[in-house]
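Everything below concerns the one structure shown next.
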Amino acid sequence: MKSVLSALLAAIALATLPSVSRAQQNVNIRGQVTAFDGKVMSVKTRDGGDVKIDLPETVNVNATKAFSMADIKPGMVMGITTVKRADGATVAIDVRPIPPTAPQGLSPFDLQPGSTMTNAAVEATVDSVGGQELVLNYKTGSVKVLVPPGTPMSQSMPGNRNDIKPGETVFVSARAGEGGAFTAVRVQVSKDGVKPTQ
């Protein structure tokens with residue numbers, strides 16, 4: 001009886017692990033600031049929802065500046081969001097430099113359905129039909145990414161809480177809590193009309 005009970009308890013514990021894991025994952029919130037009192041930021045999300053996000057004193061706020069293909073140099077570490085085109089080509093939908101210390105690799109990303117985040121170093125830039133092609137190396141592999149003209153690009157730069165104002169666009173990585181509460185882990189806000197593209 002004792003072994004049956006132990007097995008049952010173990011099964012229950014395993015069944016609850018995925019929900020615990022999901023609760024600990026950060027969520028990405030994109031939208032427009034509607035209010036900020038210095039502690040809580042109200043955001044109208046891109047799908048029309050309204051959320052409130054606690055902003056701890058310890059969280060750094062980054063602003064945004066323009067970035068272009070001309071700024072890309074060999075060896076630069078990039079965070080590039082891509083999608084697969086019908087012909088199999090890997091196409092960028094967001095291009096931005098990231099810190100050299102960022103983990104490199106490929107992972108699913110939520111900018112668009114089916115999009116992937118590629119963190120990798122630039123090996124080469126090649127002119128191509130339909131845009132420019134980046135050859136990226138992420139240590140365990142490489143990928144060629146087509147960057148069509150007009151692809152959204154931006155760069156993070158140091159900012160402060162005063163940059164968070166109604167009307168500004170934000171990208172927030174937040175920790176989800178109980179009852180729909182969110183606590184910011186990372187904040188990037190638009191500056192001088194340049195919006196976060198991720």
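The values are calculated or read from the model by the stated rules, or taken from the named source; none is laboratory data. Computed from a predicted model, the values in this text were never measured in an experiment. Every residue, glycine as well, gets a Cβ built from its backbone with ideal geometry; the counts of neighbours run over all protein chains shown.
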Subject >> Number of positions in the stretch 173-191 that are at pLDDT below 95 and farther than 11 Å from Asn28 by Cα >> reply: 5
Original post:
For the stretch 168-180, does any single residue satisfy the condition of being surrounded by 13 or more Cβ atoms within 10 Å (Cβ to Cβ), part of a strand (DSSP E or B) and without any contact (Cβ under 8 Å) to a residue 60 or more places away in the chain?
Top reply: no
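Among the residues of the stretch 119-152, which ones are closer than 20 Å to Ala86 by Cβ and touching a residue at least 40 places away in the same chain (Cβ under 8 Å)? Break it down stepwise before answering.
Start the filter on the stretch 119-152 by keeping residues that are closer than 20 Å to Ala86 by Cβ, which leaves 128-131, 133, 143-151.
The answer is Val143, Lys144, Val145, Leu146, Val147, Pro148, Thr151.
From the list Val83, Val135, Val145, which one is under 15 Å from the mean Cα position of the chain (by Cα) and surrounded by 14 or more Cβ atoms within 10 Å (Cβ to Cβ)?
Details: Val135 fails: under 15 Å from the mean Cα position of the chain (by Cα); Val145 fails: under 15 Å from the mean Cα position of the chain (by Cα).
Every option except Val83 fails the conditions.
On the basis of being surrounded by 19 or more Cβ atoms within 10 Å (Cβ to Cβ) and touching a residue at least 24 places away in the same chain (Cβ under 8 Å), does Thr90 make the cut?
Working: surrounded by 19 or more Cβ atoms within 10 Å (Cβ to Cβ): no; touching a residue at least 24 places away in the same chain (Cβ under 8 Å): yes.
When the stated conditions are applied, Thr90 does not pass them.
Here is a check on your reading of the model: is Asp94 under 22 Å from Gln25 (Cβ atoms) and in a loop (DSSP other than H, G, I, E, B)?
Numbers: under 22 Å from Gln25 (Cβ atoms): yes; in a loop (DSSP other than H, G, I, E, B): no.
So Asp94 does not fit the description; no.
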**OP:** Could you check Val51 against (1) modelled with pLDDT of 95 or more; (2) more than 19 Å from the chain's Cα centre (by Cα) and say which number it fails?
**Re:** (2)
Original post:
Going through the stretch 113-132 one residue at a time, which ones are within 11 Å of the chain's Cα centre (by Cα) and either loosely packed, with under 12 Cβ neighbours inside 10 Å or of a type in the set (A, V, I, L, M, F, W, C) (or both)?
Top reply: Met117
Original post:
How about the stretch 104-149: which of its residues are under 24 Å from Arg30 (Cβ atoms) and either out of contact with any Ser or Thr (no Cβ under 9 Å at 6 or more places or on another chain) or among the aromatic types (Phe, Trp, Tyr) (or both)?
Top reply: Phe109, Asp110, Pro113, Gly114, Pro148, Pro149
